[in-house]
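Reviewing the structure listed below.
FYI, it's all coordinate maths here, none of it is from the lab. Source: prediction; values computed, not measured. Note: ideal-geometry Cβ built from the backbone for every residue, glycine included; neighbour counts use all protein chains shown.
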Amino acid sequence: MESAAELVAFPLLITPIDSNYRACTIPYRFPSDNPRKPTPTELAWIDLFLNSIPSFKKRAESDSTVPDAPIQAEKFAQRYSELLEDFKKDPESHGGPPDCILLCRLREQILRELGFRDIFKKVKDEENAKAISLFENVVRINDAIEDEGKRLDNLVRGIFAGNIFDLGSAQLAEVFSKDGMSFLASCQNLVPRPWVIDDLDAFKTKWSKTSWKKAIIFVDNSGADIILGILPFARELLRRGTQVVLAANDLPSINDVTYPELIEIVAKLKDDNGQLLGVDTSNLLIANSGNDLPVIDLTCVSQELAFMASDADLVILEGMGRGIETNLYAQFKCDSLKIGMVKHPEVAQFLGGRLYDCVFKYNEAQS
């Protein structure tokens, strides 16, 4: 069900007036740039979105919920390609100049206008079922690590490994359709530390000294990401006495997990006593973020989430879209963590890192 309520600013964000908040991390253009001419950064990102069209078209063609799906998928590919080419001629067309939020929004808009509600539904369901079957084994491996710091290391590696399941990246969508992905192998094969942004040691120090009373986690993808990456981490926070709110998208976008899907996943993982493998879940809450894109502007979240977040002392933005491409430099009134894997060469170049590098950016609350 779509949220009809008005969206509001996330209450823990240090507001735009105080901090010059801009959702998009990478500056696509500067005031001195010619408004009629696309910048090199805009062109690179337009091409990135152009390159993703074939994988989106393929998913759309096989959407059995849409009559004439192949014809409508072809219309999507044509319309979105033309729109992107228009931006190359005039950056101010279609509500531009373009940035990652606008480019994502226009793609979703065209899909929805053509009747496509959730073109990744089938692959999400398959990946969720696969990850649910592996959940117990992943948690048991974590629980067997007695040293608290090493257990946190393992949980963080799990978040990065899970975050690889991202069908918004053209390269990963291709790898995924050929070979699938092994979660445990991905944990072993992460790029070595130090990562491109690596505040893990500072976070570990805080983790060893404190328990946050309430954490808000903006979650990302379905499958291994949410089930084998985020949920074991959330379970560890619950075990330490933290109330955890998982904020998921209102509407489907790429393979991101939605609010109704997340409720269903957690229900399947709980036992008859409402526990996640021995950990009580009465402090685990699921919120509708009000968002409908794979990126997020934190000046526009649901009133429900804003209310639930008002007394939190830790905010986590997980995934490339929410924590790197948008909000990497967002400042909060409480401790914050941005965690995700770099899956676009353009993002790697901007950060001065490698493709599939990891970002672990921790900031303590500014007193």
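Values computed for the structure shown
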| read-out | value |
| --- | --- |
| Shape call, region 44-148: gyration tensor on alpha carbons, a/c limit 1.5 | oblate |
| Förster radius 45 Å - calculated FRET efficiency between Asp68 and Asp201, Cβ distance, rounded to 0.05 | 0.25 |
| Ranked packing of 84-91, 154-161, most packed first, by mean Cβ within 10 Å | 154-161, 84-91 |
| Shape category assigned to region 91-168 from the gyration tensor of Cα positions, a/c cut at 1.5 | oblate |
| Förster-model FRET efficiency, 51 Å R0, Glu146 and Gln349, C-beta, rounded to 0.05 | 0.80 |
| Peptides 39-47, 101-109 ordered by average Cβ neighbours within 10 Å, highest first | 101-109, 39-47 |
| Residue with peak Gaussian network fluctuation, the chain [Cα springs, cutoff 10 Å], from Thr281, Thr242, Thr210 | Thr210 |
| Degrees between helix 259-269 axis and first principal axis of the chain (Cα, 0 to 90, nearest 10) | 30 |
| Beta bridge orientation in the chain: antiparallel %, DSSP, nearest 5 | 35 |
| Vicinal HN-Hα couplings computed from phi for region 229-234 (Karplus, 6.51 cos²θ - 1.76 cosθ + 1.60; Hz; Gly/Pro x) | x, 6, 5, x, 5, 4 |
| Distance from region 209-283 to region 46-63 (C-alpha centre basis), Å | 30 |
| Mean Cβ neighbour count within 10 Å, used as a protection proxy, ranking 341-349, 50-58 highest first | 341-349, 50-58 |
| Cross-link partners of Lys124 among lysines (Cα-Cα below 17 Å; sequence separation of 8 or more within a chain) | Lys57, Lys58, Lys178, Lys268 |
